[in-house]
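First comes the structure, then the notes that go with it.
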Amino acid sequence: MLPYINILEYNIPMYGILIAAGILIANIAVFLMIKKNNDCMDDMIILEGYGLIGGFVGAKLMYLLILLNHISLSTLFQGKNIFLVINGGFVFYGGLILGIPVAVLGGKIHHIPSTDYLKKYIFAVPLVHAFGRIGCFCAGCCYGMPYSGIGAVNFPSNSFAPHDTLLFPIQLLESSLLFLLASTLYVFSQRNKFSYNPELYFFLYGLIRIITELFRFDSIRGIYKGLSTSQYISLFLILISFLSVLLRKLNHSHP
């Protein structure tokens, strides 16, 4: 709806502005919690740095992999396809899949208990993601199916979404659910006896994504045998969350 905002004669993408706002707000929330929990801010900065680098690379790589369903590898960096590669988006799941392991790796390199930080502060991930989804709405990417009911939107011609039909505002729905998820994880992080926040995040976001994908209409996300790429990944994450909880409980029951 508003892909760019003009600042001093420069067109700044709203998606980038909202991601930056999400990172800033999430960091403020994490900083306040770190002071309350007497954790080390330097350790958190190191883990976040690794996570952001891994997340950025993973999100772009998965975007390129999905793009290969529409463009051959030999022509990926030729002609107008270069525009798609450089200016194209990022795929959240790619960032999540690579970002968290890279953060854990950073913890091992610097001798930081990364899993403890994940349990307490993983609420920041859906919080940033929620702002990103608003950015998707502004850019018109990740758009919803044709829909003419309450809340239907008509995107302008300079957005990624079709501008000749009313669409379901799926980006705003997912953003609302992500804010709710972040709040839920924050509440559970305050409970010292609850240590399954990462698993809870993977499970609940997996469910959210499976459902919201049903209302998506952008073809570039990839469809195979009736399910999108993200739905397959969501099912895998839900399975991983169950297995992780089960294994941890089994380990605790065998001293």
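Any residue that is within 12 Å of the chain's Cα centre (by Cα) and modelled with pLDDT of 90 or more - is there at least one of those in the range 108-120? No, every residue in the range 108-120 fails to be within 12 Å of the chain's Cα centre (by Cα) and modelled with pLDDT of 90 or more. Close Cβ contacts (under 7 Å, 6 or more residues apart or on different chains) running from residues in the range 144-169 that are under 21 Å from Ile5 (Cα atoms) to residues that are of a type in the set (S, T, N, Q) comprise His163/Asn154; His163/Ser157. Scanning the range 38-59 for residues that are surrounded by 15 or more Cβ atoms within 10 Å (Cβ to Cβ), assigned to a helix (DSSP H, G or I) and not small (Gly, Ala, Ser) turns up Asp43, Met44, Ile46, Leu47, Glu48, Tyr50, Leu52, Ile53, Phe56, Val57. Scanning the range 199-216 turns up no residue that is surrounded by 19 or more Cβ atoms within 10 Å (Cβ to Cβ), in contact with a Gly (Cβ under 8 Å, 6 or more places away or on another chain) and not basic (Lys, Arg). Among the residues making up the range 106-160, a single one is of a type in the set (A, V, I, L, M) and in a strand (DSSP E or B): Val153.
Taking the conditions (1) assigned to a loop (DSSP other than H, G, I, E, B); (2) touching a Gly at 6+ places or on another chain (Cβ under 6 Å) in turn, His163 satisfies each one other than (2). Looking across the range 160-187, the residues that are surrounded by fewer than 20 Cβ atoms within 10 Å (Cβ to Cβ) and β-branched (Val, Ile, Thr) come down to Thr165, Thr184, Val187.
The values are calculated or read from the model by the stated rules, or taken from the named source; none is laboratory data. Given the structure is predicted, the values throughout are model-derived calculations rather than measurements. Here the Cβ is made from the backbone with ideal geometry for all residues, glycine too, and neighbour counts use every protein chain on show.
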